[in-house]
């Protein structure tokens, strides 16, 4: 049986593509058995595909020792494809990483839903991401994303603030998170019983080619992927494509047809790459985790107001931010009175104040 350290050494030797490395582990007793096979056959020149492999394997073994030392000092662990702790759903994808570097706690049987989207989200996207992430963790579901700015970070933060668990998947080594804001979020994820996961060894800086590779893990570790906001091109669309190819459920939240931030999600829905969802309950129902949500209810959106003026203020606010001066002009109401009434609506959880005295409807 190969130990995790031996699998790591083989992986770091880079003697062959990952599928062939997996075959080596499954067909040889251990690292030394394979090394002896290489020595014997290299001398007889029977292995043209493995010329120079002996030196690479020796390097891999030394580099593995170095990586194990770094992981111990970093408070991280290394998990191989054959370890019990390896996420079971990730094993099912076509090219699963043979080694994962993890800081935090991974539940191999944990039920995860990935949430992805644009780095430059709208207020609408933020509200949607918060609602979905909160409802998912309330059901004990792990929220997985890519630790990028925008939708990714919103989902991670909402999961943490809702006392839930979240996984962050990196496109670099655990020690190479460059942005201070992301490093802070990494610490919060680990402290809240979540995990930071990467297939890249310590010392690996993020490169453009690593992000698509990372995205297959985001989709692969989860039972489904939800795309909140995205343009036609971007990491979220790549993740959605991976999820589709991995036979995982893909969901997309529709958006404004005139907004570039919704062109990607609307495209996924139009071309049957994703199912349209307008609530987290619809996702849970499609996954067999909840009863079918009612389309209409007698009490749905039924809000009690102090008077007709409060009702008018509420109806004047939508999912698009509106400045207080615009509201005052539209409603012909004094600013001081409007501020008091807006505060009252905010206390009821009906609206939210945004920076710069803008307001947006929550319900």
Count of residues meeting criterion [in a loop (DSSP other than H, G, I, E, B) and either buried (at least 20 other Cβ atoms within 10 Å of the Cβ) or within 19 Å of the chain's Cα centre (by Cα) (or both)] in the range 82-93: 4
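Could you please find all residues in the range 212-222 being touching a helix residue (DSSP H, G or I) at 6+ places or on another chain (Cβ under 6 Å), buried (at least 17 other Cβ atoms within 10 Å of the Cβ) and not in a loop (DSSP other than H, G, I, E, B)? First the steps, then the outcome.
Quick first cut of the range 212-222, residues touching a helix residue (DSSP H, G or I) at 6+ places or on another chain (Cβ under 6 Å) only: 212, 215-216, 218-221.
So of that shortlist, the ones also buried (at least 17 other Cβ atoms within 10 Å of the Cβ) come out as 215-216, 218-221.
Of everything in the range 212-222, those that are touching a helix residue (DSSP H, G or I) at 6+ places or on another chain (Cβ under 6 Å), buried (at least 17 other Cβ atoms within 10 Å of the Cβ) and not in a loop (DSSP other than H, G, I, E, B) turn out to be 215, 216, 218, 219, 220.
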Failed condition for residue 66, given (1) more than 21 Å from residue 23 (Cβ to Cβ); (2) crowded, with 16+ Cβ neighbours inside 10 Å: (2)
Tally, over the range 164-210, of residues that are over 20 Å from residue 99 (Cβ atoms) and assigned to a helix (DSSP H, G or I): 10
Residue among 265, 225 that is in contact with a helix residue (DSSP H, G or I) (Cβ under 8 Å, 6 or more places away or on another chain) and surrounded by 15 or more Cβ atoms within 10 Å (Cβ to Cβ): 225
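Test of understanding: among 198, 166, 204, which residue is assigned by TED's automatic domain parsing to the domain that holds residue 120, within 23 Å of residue 8 (Cα to Cα) and free of Cβ contacts under 8 Å to residues at least 60 places away in the same chain? Give the steps one after another, and end with the answer.
Numbers: 198 fails: free of Cβ contacts under 8 Å to residues at least 60 places away in the same chain; 166 fails: within 23 Å of residue 8 (Cα to Cα).
From the options 198, 166, 204, the qualifying one is 204.
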Pair list, Cβ under 8 Å, 6 or more apart: the range 28-45 residue not assigned by TED's automatic domain parsing to the domain that holds residue 10, other residue modelled with pLDDT of 95 or more and surrounded by fewer than 12 Cβ atoms within 10 Å (Cβ to Cβ): none
Selection count where residues are part of a helix (DSSP H, G or I) and exposed (fewer than 15 other Cβ atoms within 10 Å of the Cβ), scope the range 268-290: 1
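Suppose we filter the range 314-326 for residues that are within 37 Å of the chain's Cα centre (by Cα) and assigned to a helix (DSSP H, G or I); how many remain?
If we filter the range 314-326 for residues that are within 37 Å of the chain's Cα centre (by Cα), which is where we start, we get 314-324.
Next, only the ones that are assigned to a helix (DSSP H, G or I) stay: 314-316, 324.
The total comes to 4.
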Yes/no for residue 247 being part of a loop (DSSP other than H, G, I, E, B) and over 19 Å from residue 157 (Cβ atoms): yes
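When the residues of the range 128-147 are filtered to those that are in a loop (DSSP other than H, G, I, E, B) and in contact with a helix residue (DSSP H, G or I) (Cβ under 7 Å, 6 or more places away or on another chain), which remaining residue is surrounded by the most Cβ atoms within 10 Å (Cβ to Cβ)?
Applying the first criterion (in a loop (DSSP other than H, G, I, E, B)) to the range 128-147 yields 139-141, 146-147.
Applying the additional criterion that residues be in contact with a helix residue (DSSP H, G or I) (Cβ under 7 Å, 6 or more places away or on another chain) yields 139, 146-147.
Numbers: 139: 14, 146: 27, 147: 25.
Out of the qualifying residues, it is 146.
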Test for residue 259: is it at pLDDT below 90 and closer than 30 Å to residue 143 by Cα: yes
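The values are calculated or read from the model by the stated rules, or taken from the named source; none is laboratory data. Note that this is a predicted model, so its numbers are computed, not measured. Every residue, glycine among them, receives a Cβ derived from its backbone with ideal geometry; neighbour counts consider all protein chains shown.
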